[in-house]
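K.L.:
Could you have a look at this structure, given as structure tokens, before my questions?
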Amino acid sequence: MQHFWNQAPVASLIDILRVKLFGAQNPRAPPRAIEAPTLLADTPQLEVVQGRAAAEEYTVFLSTNYLTAGSDGPRSSLTADTLETLIADSGARPLLYRGSGSGSGSSRRELLGCILSAPLGKLYRAAMPGSAGASDFSLRLIRDFCVGATNRRQGVGTKLLLGVLRDCAMNCGGVQAVFLKEGAPLGLGASTPLRSSSWIYRRVAAGGGAAPRQVRELSLKDALELVAIYGLGNERLLYNRPPEGAAVATRIFLYEGFRGSAVAAFTPAYQVHPRDGAAIIFQTGWVETGTLLPMERATALRQLSDAAAAAMRAPWVWMDGACARGPVQPPWRADGPFHWYMYGWTADLYGNAELFLVV
Ligand SMILES: CC(C)(COP(=O)(O)OP(=O)(O)OC[C@H]1O[C@@H](n2cnc3c(N)ncnc32)[C@H](O)[C@@H]1OP(=O)(O)O)[C@@H](O)C(=O)NCCC(=O)NCCS
């Protein structure tokens, strides 16, 4: 069977070892594409979702099969309306993979899996001012990676991953992408994650308590200006600028403390929590400046999540536990690890990048 990671464009192990042992050769280089001459060989062509019926088929398939934490965990709540908006306003490309499944015994082409890529625009290395830090490619986010429950562990997932990268190469100008994986990291042979950390989460009480006094929402333009300024000294911070005119679902909030400030980005997970059917958002960006004292940091996380939950009407908030810098304290609860993987590009950061992603 064709294995995904043998075909996917990733940094070589020697490059990764070199950076881990000796540091990046040129730490100030912007993120750069890795050539992928073999990617298009034998990769399946997936069907792009077009029209209402296909959008409904996609969302029903996801809500039935995308149970990343099992049948008692969060469930996809992506609707056909939202999917059509993501296609029209954000340039998302949801893809379907059909074939003959294992269970049916027939040769009828059933829906075996789905996957989606969406444009994130150029990626920037924050330590380099202005456009000097811009990547030589436009990045895409891959999500909704899902294979039907009865057809797993037979290579369908690999076909979806190859298929989405083929689609990116043929229709979107390149195969450079990021992908969030929760739980265990991928096994040997896969690329090294861009960032690994652990989630913390909380449910914000109805009404969100008192209005957070030190937090305000930022426009995308103001937020990206602040990220660029706060990030100037930070070699590990990468951020994206979404394509001109694309609708953005991520919302960004600023906490201003006594001696330090933090900017946090939150993105809809398009999932609902099994306990009460309410919406989930997750943090896709964090950058801080100055000094946040430990007590103040706890206040910052709390007020930022309060503000995001209220503005986005999503009481369940997942944040990167590393932002808390210490043991998990109430109201937060610990969840499992997560990993951001990069396909087709490198910034010489393996495992410890800091990200500010606007989706
Ligand atoms: C994850 C899932 C799509 C894998 O599908 P599958 O058909 O069982 O996958 P395959 O049989 O092709 O094997 C998995 C391959 O994909 C890779 N893989 C597995 N999970 C991956 C992930 N999240 N990201 C990237 N690659 C992944 C494995 O390394 C393996 O590659 P290999 O063949 O080179 O060893 C499937 O289990 C699923 O739909 N789960 C529920 C939804 C979910 O958890 N999605 C992932 C969200 S992060």
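The values are calculated or read from the model by the stated rules, or taken from the named source; none is laboratory data. Bear in mind that the values here come from a model prediction, so they are computed numbers and not experimental data. As a convention, Cβ positions derive from the backbone with ideal geometry for all residues, glycine included, and neighbour counts pool all protein chains shown.
K.L.:
What are the pairs, 6+ residues apart or on separate chains, where a residue within segment 166-192 that is in a loop (DSSP other than H, G, I, E, B) has its Cβ under 9 Å from a residue that is surrounded by fewer than 18 Cβ atoms within 10 Å (Cβ to Cβ) and among the β-branched types (Val, Ile, Thr)?
P.N.:
Close Cβ pairs satisfying both conditions: Gly183/Thr68; Ser191/Ile16; Thr192/Ile16.
K.L.:
I need a count of the residues in segment 282-324 that are surrounded by fewer than 21 Cβ atoms within 10 Å (Cβ to Cβ), among the small types (Gly, Ala, Ser) and closer than 13 Å to Ala265 by Cα.
P.N.:
So the answer is 1.
K.L.:
When segment 45-60 is examined, which residues are found to be surrounded by fewer than 20 Cβ atoms within 10 Å (Cβ to Cβ) and part of a helix (DSSP H, G or I)? Steps first, please.
P.N.:
Filtering segment 45-60 down to residues surrounded by fewer than 20 Cβ atoms within 10 Å (Cβ to Cβ) leaves 45, 47-48, 50-54, 56-57, 60.
Across segment 45-60, the qualifying residues are Arg52, Ala53, Ala54, Glu56, Glu57, Val60.
K.L.:
If you scan segment 166-177, which residues turn out to be away from the ligand (no atom under 11 Å from the Cβ) and among the aliphatic types (A, V, I, L, M)? Write out each step before concluding.
P.N.:
So the first thing to find is which residues in segment 166-177 are away from the ligand (no atom under 11 Å from the Cβ), and the list is 166-176.
Ala169, Met170, Val175, listed by residue number.
K.L.:
Go over the candidates Tyr350, Tyr255, Tyr270 one by one and state the one that is of a type in the set (Phe, Trp, Tyr) and farther than 24 Å from Ala126 by Cα. Give the steps one after another, and end with the answer.
P.N.:
Values: Tyr350 fails: farther than 24 Å from Ala126 by Cα; Tyr255 fails: farther than 24 Å from Ala126 by Cα.
The unique qualifying residue is Tyr270.
K.L.:
Quick test for you: out of Ser90, Ser76, Ser63, pick the one residue that is touching a helix residue (DSSP H, G or I) at 6+ places or on another chain (Cβ under 6 Å) and assigned by TED's automatic domain parsing to the domain that holds Ser138. Quick ask: steps written out before the conclusion?
P.N.:
Numbers: Ser90 fails: touching a helix residue (DSSP H, G or I) at 6+ places or on another chain (Cβ under 6 Å); Ser63 fails: touching a helix residue (DSSP H, G or I) at 6+ places or on another chain (Cβ under 6 Å).
Exactly one residue qualifies, and that residue is Ser76.
K.L.:
State whether the residues of segment 105-119 include one that is touching an Asp or Glu at 6+ places or on another chain (Cβ under 9 Å), surrounded by 20 or more Cβ atoms within 10 Å (Cβ to Cβ) and over 23 Å from Ile280 (Cβ atoms).
P.N.:
Step one: list which residues in segment 105-119 are touching an Asp or Glu at 6+ places or on another chain (Cβ under 9 Å), which gives 111, 114-117.
Among the residues that remain, those that are also surrounded by 20 or more Cβ atoms within 10 Å (Cβ to Cβ) are: 114-117.
When the remaining residues are screened for being over 23 Å from Ile280 (Cβ atoms), the result is none.
No, segment 105-119 has no match at all.
K.L.:
I'd like to check something: does segment 185-204 contain any residue that is more than 16 Å from the ligand (Cβ to nearest atom), hydrophobic (A, V, I, L, M, F, W, C) and touching a helix residue (DSSP H, G or I) at 6+ places or on another chain (Cβ under 9 Å)? Write out each step before concluding.
P.N.:
Going residue by residue through segment 185-204, those that are more than 16 Å from the ligand (Cβ to nearest atom) are 200-204.
From what is left, the residues that are hydrophobic (A, V, I, L, M, F, W, C) are 200, 204.
Imposing the further condition that a residue be touching a helix residue (DSSP H, G or I) at 6+ places or on another chain (Cβ under 9 Å) reduces the set to 200, 204.
Yes, because at least one residue in segment 185-204 is more than 16 Å from the ligand (Cβ to nearest atom), hydrophobic (A, V, I, L, M, F, W, C) and touching a helix residue (DSSP H, G or I) at 6+ places or on another chain (Cβ under 9 Å).
K.L.:
Also, quick follow-up: If Ala169 satisfies every condition in (1) out of contact with any strand residue (DSSP E or B) (no Cβ under 8 Å at 6 or more places or on another chain); (2) over 26 Å from Asp15 (Cβ atoms) but one, which is the exception?
P.N.:
Of the numbered conditions (1) out of contact with any strand residue (DSSP E or B) (no Cβ under 8 Å at 6 or more places or on another chain); (2) over 26 Å from Asp15 (Cβ atoms), the odd one out for Ala169 is (2).
K.L.:
Follow-up. If I filter segment 180-217 down to residues being hydroxyl-bearing (Ser, Thr, Tyr) and modelled with pLDDT of 95 or more, which single residue comes out as farthest from Arg18 (Cα to Cα)? Steps first, answer last, please.
P.N.:
Of segment 180-217, the ones hydroxyl-bearing (Ser, Thr, Tyr) are 191-192, 196-198, 201.
Now drop any that are not modelled with pLDDT of 95 or more, which leaves 196-198, 201.
Working: Ser196: 19, Ser197: 22, Ser198: 26, Tyr201: 36 Å.
Step by step, filter segment 180-217, then rank; the result is Tyr201.
K.L.:
Additional query: If a residue counts only when it is more than 15 Å from the ligand (Cβ to nearest atom) and touching a Ser or Thr at 6+ places or on another chain (Cβ under 8 Å), which strands (runs of 3 or more DSSP E) contained entirely in segment 73-163 have at least 2 such residues? If you could, list the steps in order and put the result at the bottom.
P.N.:
Numbers: elements: 93-99, 110-125, 134-147.
Here the list reads 110-125.
K.L.:
Which one of these is within 24 Å of Thr250 (Cα to Cα), more than 18 Å from the chain's Cα centre (by Cα) and in the same structural domain as Val317 (by TED's automatic domain parsing): Ala206, Ala126? Spell out the reasoning first.
P.N.:
Values: Ala126 fails: in the same structural domain as Val317 (by TED's automatic domain parsing).
The conditions single out Ala206.
K.L.:
If you check every pair at least six apart or on different chains, which have Cβ atoms under 7 Å apart with a residue in segment 222-243 that is closer than 22 Å to Arg32 by Cβ first and a residue that is among the polar types (S, T, N, Q) and outside any loop (DSSP other than H, G, I, E, B) second?
P.N.:
Arg236/Asn352
K.L.:
Looking at segment 245-260, is at least one residue at pLDDT 95 or above, outside any strand (DSSP E or B) and more than 30 Å from Ala33 (Cβ to Cβ)?
P.N.:
no
K.L.:
Continuing with the same structure: Considering segment 1-52 alone, what residues qualify as being within 15 Å of the ligand (Cβ to nearest atom) and either at pLDDT 75 or above or of a type in the set (Phe, Trp, Tyr) (or both)?
P.N.:
Applying the first criterion (within 15 Å of the ligand (Cβ to nearest atom)) to segment 1-52 yields 1-10, 38-39, 42-44, 46.
Phe4, Trp5, Ala8, Pro9, Val10, Thr43, Pro44, Leu46, listed by residue number.
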